[in-house]
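Below is one structure, written out as structure tokens, with a few remarks after it.
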């Protein structure tokens, strides 16, 4: 029998096998009867074998009904803003993601897909702000394909969270766990609706805690990082632990391809609960504010300040009339604790203060001139409109009075003049030296000092002349130099090794 005949016979047998006929070709018995007789009854696969978990089916069965698909009718103007959200995972399309390229012309109103989590039996749903921002209509699709129209309860762009509500009762929901108890290495499941294909579950671990991407308005970020695959459309979906608790709202991905590369970020449940409660009660979120610029304390900076430890946050600027100024804080103070709780970095301090209501008194533990002190501050209210600094122009080059610093920092400095102050939009009372030239191979250039920066202090000493700088450098001997500089209206400390 040649190959052609064999192939034809195979096709005929295949067609018979997939047709409606159930007769066994060789025995004449009914195929379905034989299969039933020979196949033993099946039981669900065991969850644990020899002490090792082999399935997450029990967790998925418990949690997946509470994760919903969100379809929002988006205004074109809002859509343009959302397209500027580089880590966003919602999937926008005209008809279907398969037939419409992402660069296709946009219609006046389009649909956006995302996910959400039911957090109470009465239909309260947590999701991302960027999923429903600007939506004229929000439709919720349950796991059983039942649909509801949702109403917006409140939206908070600084945290990228929103609360919506559907009119229903006795719905499946997830309890919010304590995200502070999450450990790096814990197994987690991500549940959502990626790319509009339907509900999907992926597994991974907590890769890191306290991550910040710098993307959300106000930068109130304290992300849980996970390698559980997350893709477009998972925005607003659930990150759950193996007890079925909601520990995070999936919000962002970091990707070079547009798809998951194992770096996803979830808003921790404790932050989500705080925001949700305020949105439900007041329709908006109020945040406390000290009115300071802060930065992390590096080993080099600690050495320049003659400190033994690097824990704490360095105050690099204080707003006039702010809660910090009224409390007696000064530039150069190091905040080590709030209400007795240790502060390790600037992001922790920022979130701790922001999570406290305006008008609340907080106790600040501070190191000043290597001595511990205590201060009490009554928090102001954060106003996003006044939080950003205005950009300034670079000064024109002016050689009068400019002198190099003998190669120790690699800078050419010039005392501030009224003309330069106007160009930099600095207050008239500002005193210091402007950077006019930088040695590309010098220590200052390596640390990021730029032309147009204004040096206000060197090793905590105010400098107004070239001689002031030289004196401060001589006192430092060979230790790294701590400079305070002003850039675009913001002050920051920078530690520069001497060459």
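So that you can scan it fast, the table gives a plain yes or no per residue for (1) at pLDDT below 95; (2) in the same structural domain as residue 231 (by TED's automatic domain parsing); (3) assigned to a helix (DSSP H, G or I):
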position	(1), (2), (3)
131	yes, yes, yes
137	yes, yes, no
145	yes, yes, no
153	no, yes, no
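Specify which of the listed residues (152, 161) is farther than 14 Å from residue 68 by Cβ and touching a residue at least 60 places away in the same chain (Cβ under 8 Å).
Working: 152 fails: touching a residue at least 60 places away in the same chain (Cβ under 8 Å).
None of the others qualify; the one that does is 161.
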- Item | Complete set of residues in the range 487-499 that are in a strand (DSSP E or B) and more than 10 Å from residue 457 (Cα to Cα) | 487, 490, 491, 492, 494, 495, 496
- Item | Looking only at the range 169-186, and only at residues there that are in contact with a strand residue (DSSP E or B) (Cβ under 6 Å, 6 or more places away or on another chain) and free of Cβ contacts under 8 Å to residues at least 60 places away in the same chain, the one that is farthest from residue 272 (Cα to Cα) | 185
- Message: Anything in the range 294-315 that is touching a strand residue (DSSP E or B) at 6+ places or on another chain (Cβ under 6 Å) and either surrounded by fewer than 19 Cβ atoms within 10 Å (Cβ to Cβ) or not assigned by TED's automatic domain parsing to the domain that holds residue 378 (or both)? List them, or say none.
- Response: 295, 300
- Message: Checking the conditions here, which among 428, 445 is at pLDDT below 85, closer than 27 Å to residue 292 by Cα and out of contact with any strand residue (DSSP E or B) (no Cβ under 6 Å at 6 or more places or on another chain)?
- Response: 428
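With the condition kept exactly as written, say whether any residue in the range 225-235 is in a strand (DSSP E or B), in contact with a strand residue (DSSP E or B) (Cβ under 8 Å, 6 or more places away or on another chain), in the same structural domain as residue 180 (by TED's automatic domain parsing) and surrounded by fewer than 24 Cβ atoms within 10 Å (Cβ to Cβ).
Checked the range 225-235: at least one residue is in a strand (DSSP E or B), in contact with a strand residue (DSSP E or B) (Cβ under 8 Å, 6 or more places away or on another chain), in the same structural domain as residue 180 (by TED's automatic domain parsing) and surrounded by fewer than 24 Cβ atoms within 10 Å (Cβ to Cβ).
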- Flag if residue 166 is surrounded by fewer than 17 Cβ atoms within 10 Å (Cβ to Cβ), assigned by TED's automatic domain parsing to the domain that holds residue 72 and within 23 Å of residue 74 (Cβ to Cβ): no
- Can you pull out the residues in the range 56-73 that are surrounded by fewer than 23 Cβ atoms within 10 Å (Cβ to Cβ), touching a strand residue (DSSP E or B) at 6+ places or on another chain (Cβ under 7 Å) and farther than 18 Å from residue 247 by Cβ? 71, 73
- Message: Residues to consider are 350, 330; find the one that is outside any loop (DSSP other than H, G, I, E, B) and either modelled with pLDDT of 90 or more or surrounded by 20 or more Cβ atoms within 10 Å (Cβ to Cβ) (or both).
- Response: 350
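Let's see how each residue does on (1) more than 17 Å from the chain's Cα centre (by Cα); (2) over 30 Å from residue 478 (Cα atoms):
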position: 241; (1), (2): yes, yes
position: 253; (1), (2): no, yes
position: 264; (1), (2): no, yes
position: 269; (1), (2): no, yes
position: 279; (1), (2): yes, yes
position: 284; (1), (2): yes, yes
position: 289; (1), (2): yes, yes
position: 303; (1), (2): yes, no
position: 307; (1), (2): yes, no
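The values are calculated or read from the model by the stated rules, or taken from the named source; none is laboratory data. Owing to the predicted nature of the structure, the values given are computational and were not obtained by experimental measurement. Backbone-built Cβ (ideal geometry, glycine too); neighbour counts: all protein chains shown.
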